[in-house]
Amino acid sequence: MKTKLAILIILSGVLLASYYLPSKLSGGGSAIDENKTVKEVEMAITHGGYMPNDITVNLGDTVRILAITTDPSHNHGIAIDGFRVNKVVSKTSPSNPEIIEFIADKPGIFEIYCKSCSSGPIGSHPWLKGTLEVLPY
């Protein structure tokens, strides 16, 4: 009788764990995880600047920039040194953008600029600047 009771208790625990743990392991259920989202931004790069120029996200968000350029003959790009981002953007179609993705794992204000422009045929564009603001919790 004690063996059957022990087996019943163990099976109940396994059933509860199999129901409860997958949501915890996938990030569900935690108050901190509920604040983390994917912040998707469509960005166009022209000789005049970034559109939009400024991005604001929350600490812990996954940032996904869908970037296109209006001038594929030039090496426009997006660099954010604080997150080791440096991507040349050569795609022009909004339906097929360059995808730049990272986790905003530190708060602050970070410069967005074009590091790759200096290697293009026209040279550097120091006015190509924007900001990424990562808000604390």
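Give me a count of the residues in the range 51-82 that are of a type in the set (A, V, I, L, M, F, W, C), crowded, with 16+ Cβ neighbours inside 10 Å and either farther than 18 Å from GLY130 by Cα or out of contact with any Leu (no Cβ under 8 Å at 6 or more places or on another chain) (or both).
Selection size over the range 51-82: 7.
Does VAL89 satisfy the condition of being in contact with a His (Cβ under 8 Å, 6 or more places away or on another chain) and under 22 Å from GLU133 (Cα atoms)?
yes
Can you go through GLY130, GLY108 and tell me which one is farther than 17 Å from ILE45 by Cβ and modelled with pLDDT of 90 or more?
Just a single option satisfies the conditions, and that option is GLY108.
Residue-by-condition table, conditions (1) in contact (Cβ under 8 Å) with a residue 24 or more places away in the chain; (2) in a strand (DSSP E or B); (3) farther than 19 Å from VAL38 by Cα:
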{"residue": "PRO72", "(1), (2), (3)": "no, no, yes"}
{"residue": "ALA79", "(1), (2), (3)": "yes, yes, yes"}
{"residue": "SER90", "(1), (2), (3)": "no, no, yes"}
{"residue": "SER93", "(1), (2), (3)": "yes, no, yes"}
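The values are calculated or read from the model by the stated rules, or taken from the named source; none is laboratory data. Model, not experiment: these values are computed from the prediction. So basically every Cβ, Gly included, is an ideal-geometry build from the backbone, and we count neighbours across all protein chains shown.
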